[in-house]
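Read the structure below first, then the notes.
The values are calculated or read from the model by the stated rules, or taken from the named source; none is laboratory data. All figures in this text were calculated on a predicted structure; none of them were measured in a lab. Quick reminder, even Gly has a Cβ in these numbers, built from the backbone with ideal geometry, and neighbours come from all protein chains shown. Side chains are part of the model used for accessible areas, which takes the heavy atoms of the whole protein and leaves out ligands, DNA and RNA. Shrake-Rupley method; radii C 1.70, N 1.55, O 1.52, S 1.80 Å.
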Amino acid sequence: YLLLKFQPVNRRGIYEFVDEEARNGQTFWYDVRAVDADRQEREVYTKIEATPVDTKPPKRVPPPLLELRDNAILVSFRPSDDPDFKCYRIWRSEGPLAEFKPVAEIGERGATSWIDPRVASEKGYVYAVTVVDRAGNESVPSNDRMAIARDLSAPEKPLEIVAVPMDR
């Protein structure tokens, strides 16, 4: 919608008009006319051109779920229902007090998981997710979650096992 505010000549106060048919990115023109108490119109007072823009960020998604993989962490989350969805942005910090940095963008609404392969074993990582719309507005970050990366692989088979007799 579009909100026009104006102050009439020789009057106090601000008057408002809301155009609920206005759409973001589309230009609209309005003629503002003075009308007296007898509903007599005067000439066009002014012409106004307005193009509404989308400034409303998408809704926040719930916190991500984290699943440990072998030297990786799987980050998964619920999909956004924002009508002008552009992408999900995955944020990561390397500890609870470290700064968050974007590590991935996913441009498909239904793709709600991402594997972080750039983790070090026994180190903690904190993740949050935001939603970005086509106008570039970004949601508030989800609540964050933390996981400690682990090396989950089985040890390699030894090349050779040697029995050494010992004297008791």
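Here are some notes:
- Conditions (1) closer than 20 Å to residue 97 by Cβ; (2) open to solvent by 70 Å² or more (accessible area, probe 1.4 Å); (3) of a type in the set (A, V, I, L, M, F, W, C); (4) without any contact (Cβ under 8 Å) to a residue 40 or more places away in the chain; number of the one not met by residue 162: (1)
- If you check 149, 128 for being at pLDDT 95 or above and either among the polar types (S, T, N, Q) or open to solvent by less than 30 Å² (accessible area, probe 1.4 Å) (or both), only one passes: 128.
- In the stretch 37-54, the residues that are open to solvent by 80 Å² or more (accessible area, probe 1.4 Å) and not charged (D, E, K, R): 37, 40, 45, 53
- When the residues of the stretch 1-17 are filtered to those that are at pLDDT 70 or above and surrounded by 10 or more Cβ atoms within 10 Å (Cβ to Cβ), the one that is farthest from the chain's Cα centre (by Cα) is 15.
- Scan the stretch 83-108 for residues that are at pLDDT below 95 and within 16 Å of residue 58 (Cα to Cα) and the total you get is 2.
- Residue in the stretch 55-65 that is at pLDDT below 95, of a type outside the set (A, V, I, L, M, F, W, C) and either open to solvent by less than 100 Å² (accessible area, probe 1.4 Å) or in a strand (DSSP E or B) (or both) present: no
- The set of residues in the stretch 66-85 being open to solvent by 80 Å² or more (accessible area, probe 1.4 Å) and either over 16 Å from residue 148 (Cα atoms) or aliphatic (A, V, I, L, M) (or both) consists of 78, 79, 81, 83.
- Selected residue (criterion: nearest to the chain's Cα centre (by Cα)) from residues of the stretch 86-104 that are in contact (Cβ under 8 Å) with a residue 40 or more places away in the chain and open to solvent by 20 Å² or more (accessible area, probe 1.4 Å): 89
- Elements of the type strands (runs of 3 or more DSSP E) sitting completely within the stretch 106-158 and holding at least 1 residues that are under 15 Å from the mean Cα position of the chain (by Cα) and within 30 Å of residue 24 (Cβ to Cβ): these cover 124-133.
- Pick from the stretch 22-35, criterion surrounded by fewer than 14 Cβ atoms within 10 Å (Cβ to Cβ) and under 11 Å from residue 52 (Cα atoms), ranking: farthest from the chain's Cα centre (by Cα): 27
- Residues in the stretch 131-146 that are open to solvent by less than 60 Å² (accessible area, probe 1.4 Å) and among the polar types (S, T, N, Q): 137, 139, 142.
- Among the residues making up the stretch 114-147, those that are within 13 Å of residue 69 (Cα to Cα) and free of Cβ contacts under 8 Å to residues at least 40 places away in the same chain are 118, 120, 122.
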